[in-house]
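Asker: Submitted below is the structure of interest, expressed as structure tokens.
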Amino acid sequence: MINAFYTGATGLNAFQESMDVIGNNIANVNTNGYKAVGTSFNDLLYSEMYVNTPNSPLIGHGVKATTKGIEAGQGITLPTSGKLDLAIAGRGWFALEAENGKLYTRDGSFAISLSGNTAYLVNKDGNYVLDAGGKRISATIDQKTTSIDTDALVKQIGIFEFAYPEALTPVSSNCYRANDFTGTATAAAQGDNTILVGYLEQSGVSITDEMANLITAQRGYQLSARVVQVADEIEQTVNSLRA
Amino acid sequence: MFSGYYTIASGLLANQRNVETIGNNLINSQTPGYRAERIVNSAFEQELMTRRDSSGNTVLGDGIGATAVVVDDSLTVYNPGLIKETGSSFDVAINGEGFFNIRGADGKTYLTRSGEFDMDREGYLIMPGVGRVLGKSGEILVRTSDITIKEDGTIMNSAGNVLGQLHITAPEDYSTLERTENGLFISEAPLNDSNNFQLLQNNLELSNVQMNTELTNLIAAQRALQNCASALKTVDSLNRKAATQIAAI
């Protein structure tokens, strides 16, 4: 069989995967704190056209889609009226205590969780927001007025930074997990980040960029399909040699 | 007698290889730094016409040699590709002449135009799957993605400390470059520092594959293959005539 079949198929797969990622980015255009995921392409193995021949020309075997990680930069912040809607201006991340380890997020739509006389700051999935020392943030409820000092809660929030935040692993609910490549989360130095109260960070997806990428991926897909088609027509020609 | 068969079969094979190469170009039309490949065919009429005489010398035959076409070589097109903004701080495009230098796992220095870099666990700037990127004074330890790369290749962190300078080299003669895998090249001849370039951070140079050219070449190669196929049928019908009709007399 001719290689161009399989070369074409790798192209179809790679551009399909790229479209999946772009589609997910577009679907999350209104998700607070979402970071767009980038894709790129790499060419695959090359083999020698003739065996046992010195300086034989090389023939390529297609393409694969690769991830470029997340675009971890600052997103646009939008004012809301919530006292516990927080956005970070800077490179930092909020830390959350989840059931299986720490999570990091830039989605600061937090809430209060009451436990007896103590109010804990949690995110909307009920994971505890952590302070710079990695402890839960809490405040005691005033018995007379039954009010909670939210400003005091916000002041305690810890902000963490990574050497390489683009490598964070996305998990569900706008959260990310650290790994070997991101480096360990370190509490950000004073003044590097500011917490904006009454603001939420919008999705980092740029719809124009994503649409342009979608069109490119679609054209790439069409070209790959054309290669498969030509390979098929060649096989037909060969098969009809002895008509 | 049957030489026509093999001549045409060699044509079929060469055109098929051409289709495969063009197909690979088309599929890599979005691969950063990819350089289009062209097939060069050559005839080797000469070789098959030679024969050995009684004293062992090679002489030109007096009959009609069986001509054949083979894929002789592949050429790489070194035209620059389009530069696209990506917004990723590890993406660098070369506007002008030259290549990035990468030290591969086998210790060799590879050249590439793909500036899609990353950071490894130890914090060095790498080209994923190939090796560490070489600066003017060796490997570059960046430790963070919060870096600035100036037009001359100087890499600085957010505190303004210089971490290294990307080494951009260019060959005197592009034909000395040898194509290897993953958009990488090896140079046997010594390389010079390139002076005629400008580096653009947050940008990537895309593939230099031109879809119109490649699609036209693809159709041309496909038709040439079909021509060979119908020529093969003609030779076949001639032979059939010889075998059936002449023998029938």
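Asker: Taking 7 Å along the Cα-to-C-beta vector as the label spot, tell me the residue B:188-residue A:238 distance in nanometres, rounded to one decimal.
Answerer: Taking the simple label geometry, residue B:188 and residue A:238 are separated by 3.3 nm.
Asker: Going by a 1.4 Å probe on protein heavy atoms, which residues of segment B:105-125 end up with at least 30 Å² less accessible surface in the whole assembly than in their chain alone?
Answerer: Output list: B:116, B:119, B:121.
Asker: State the percentage of accessible surface on the protein assembly as shown attributable to carbon and sulfur atoms; use a 1.4 Å probe and exclude ligands, DNA and RNA. Could you put the intermediate results ahead of the total?
Answerer: Working: 12280 of 24170 Å².
About 51 percent, which is the carbon plus sulfur part of the accessible surface.
Asker: Could you rank A:161, A:17, B:188 by how accessible they are, 1.4 Å probe, largest area first?
Answerer: Solvent-accessible surface, decreasing: B:188, A:17, A:161.
Asker: Per residue of A:38-48, how many C-beta atoms from partner chains lie within 10 Å of its own C-beta, taken as a mean?
Answerer: 6
Asker: Could you sort the residues of segment B:8-42 by number and keep only those whose accessible area is reduced by 40 Å² or more in the all-protein-chain setting relative to the chain alone, 1.4 Å probe?
Answerer: Correct list: B:16, B:17, B:19, B:20, B:24, B:26, B:27, B:30, B:31.
Asker: Below 18 Å, Cα to Cα, which lysines can residue B:241 reach? Residues fewer than 8 away in the same chain don't count.
Answerer: B:233
Asker: Top to bottom by accessible area (1.4 Å), largest first, where do A:177, B:113, B:121, B:240 land?
Answerer: Most to least solvent-accessible, the answer reads B:121, B:240, A:177, B:113.
Asker: I've got another one for you. How big is the B/A interface in buried accessible area, both sides summed, 1.4 Å probe, to the nearest 100 Å²?
Answerer: So the total buried area for this chain pair works out to about 4300 Å².
Asker: Hey, another quick one. Just to be sure I follow: if Rg is taken over the C-alpha atoms of chain A and Rh is the Kirkwood radius over the same atoms, what is Rg/Rh?
Answerer: 1.20
Asker: Around residue B:138, with a cut-off of 11 angstrom between Cβ atoms, what is the net charge of the other residues, counting Lys and Arg +1 and Asp and Glu -1?
Answerer: Charge balance near residue B:138 sits at +2.
Asker: Same structure again: Quick one: 3J(HN,Hα) in Hz for segment A:194-208, Karplus 6.51/-1.76/1.60 with θ = phi - 60°, rounded, Gly and Pro as x.
Answerer: Values, residue by residue: 10, 8, 9, 8, x, 10, 10, 7, 6, 4, x, 6, 9, 5, 5 Hz.
Asker: Compute the distance from the alpha-carbon center of segment A:129-202 to that of segment B:100-115, in whole Å.
Answerer: Distance between centres, Cα-based: 40 Å.
Asker: Then there is this: Going toward the positive end of the dipole of the protein assembly as shown, with +1 on Lys and Arg Cβ and -1 on Asp and Glu Cβ, which of A:240, B:133, B:14 do you reach last?
Answerer: Positive-end residue among those listed: A:240.
Asker: So how long is each side of segment B:83-205 along the principal axes, counting just the alpha-carbon atoms, biggest first, in Å?
Answerer: Result, largest extent first: 42, 29, 25 Å.
Asker: Could you put B:6, A:221, A:6, A:50 in order of accessible surface area, largest first, with the 1.4 Å probe and the full protein assembly present? Let's see the in-between values first.
Answerer: Details: B:6 155, A:221 80, A:6 130, A:50 55 Å².
Putting B:6, A:221, A:6, A:50 in descending order of accessible area: B:6, A:6, A:221, A:50.
Asker: Can you tell me the 0 to 90 degree angle between the C-alpha axis of helix B:3-27 and the longest principal axis of chain B, rounded to 10?
Answerer: The angle comes out at about 20 degrees.
Asker: Turning to a different aspect of this structure: Over chain A, calculate the relative contact order: mean separation of alpha carbon pairs under 8 Å at least 6 apart, over the residue count, as a percent.
Answerer: Dividing the mean separation by the residue count of chain A yields 28 percent.
Asker: Moving on. What is the spin-label model distance, in nm, from residue A:99 to residue A:31 if the labels are put 7 Å beyond Cα along the C-beta direction?
Answerer: The two pseudo-label positions are separated by 2.0 nm.
The values are calculated or read from the model by the stated rules, or taken from the named source; none is laboratory data. Remember, predicted model here, so these are calculated numbers, not experimental data. So basically every Cβ, Gly included, is an ideal-geometry build from the backbone, and we count neighbours across all protein chains shown. SASA here: full protein model, heavy atoms, side chains in, ligands and nucleic acids out. Shrake-Rupley method; radii C 1.70, N 1.55, O 1.52, S 1.80 Å.
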